[in-house]
1. Could you give every pair whose Cβ atoms fall below 9 Å, whose first residue belongs to the stretch 67-83 and is within 16 Å of residue 39 (Cβ to Cβ) and among the hydrophobic types (A, V, I, L, M, F, W, C), and whose second residue is in a strand (DSSP E or B) and open to solvent by 30 Å² or more (accessible area, probe 1.4 Å), counting only separations of at least 6 or pairs across chains?
2. Looking at residue 85, is it assigned to a loop (DSSP other than H, G, I, E, B) and either open to solvent by 80 Å² or more (accessible area, probe 1.4 Å) or modelled with pLDDT under 95 (or both)?
3. Do we find that residue 39 is closer than 14 Å to residue 23 by Cα and among the β-branched types (Val, Ile, Thr) in this structure?
4. Does the stretch 73-82 hold any residues that are open to solvent by 60 Å² or more (accessible area, probe 1.4 Å) and not charged (D, E, K, R), and which are they?
Amino acid sequence: MVIVMTGVRIELNRRERAMLRAVAAGRGVLVSSCEPALTIDGCWCDHAAVHNLLAAGLIEKEHQVAYGQPTPAVITRLGEAVLAEATEHSRRASGA
């Protein structure tokens, strides 16, 4: 799914959208490292998808923590907007 907002094109696959929803629901934890890792409900997520969500500014750490330490993952305002648009797009596509 491609979402264009204020001239910015954000393309998310199903896995990334599911991860974004889980973070929005408070189920994600980021572990600080040179390439942060994300767990959802204690299970490690796809590193490429995590990188994409972080690089796009859709999720972030709740707190700055020391290297190797966990902190809750939170959805950003942009992430909330993208998630809302994705939900609306899915609703329209299903004819609801």
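The values are calculated or read from the model by the stated rules, or taken from the named source; none is laboratory data. Remember, predicted model here, so these are calculated numbers, not experimental data. Cβ: placed from backbone, ideal geometry, glycine included. Neighbour counts: every protein chain shown. To get the accessible areas, we keep the full protein, side chains included, count just its heavy atoms, and leave off ligands, DNA and RNA. Shrake-Rupley method; radii C 1.70, N 1.55, O 1.52, S 1.80 Å.
1. That search, which allows pairs on different chains as well, returns 73/29; 73/60; 73/61; 74/60; 74/61; 75/60.
2. no
3. In short, yes.
4. 78
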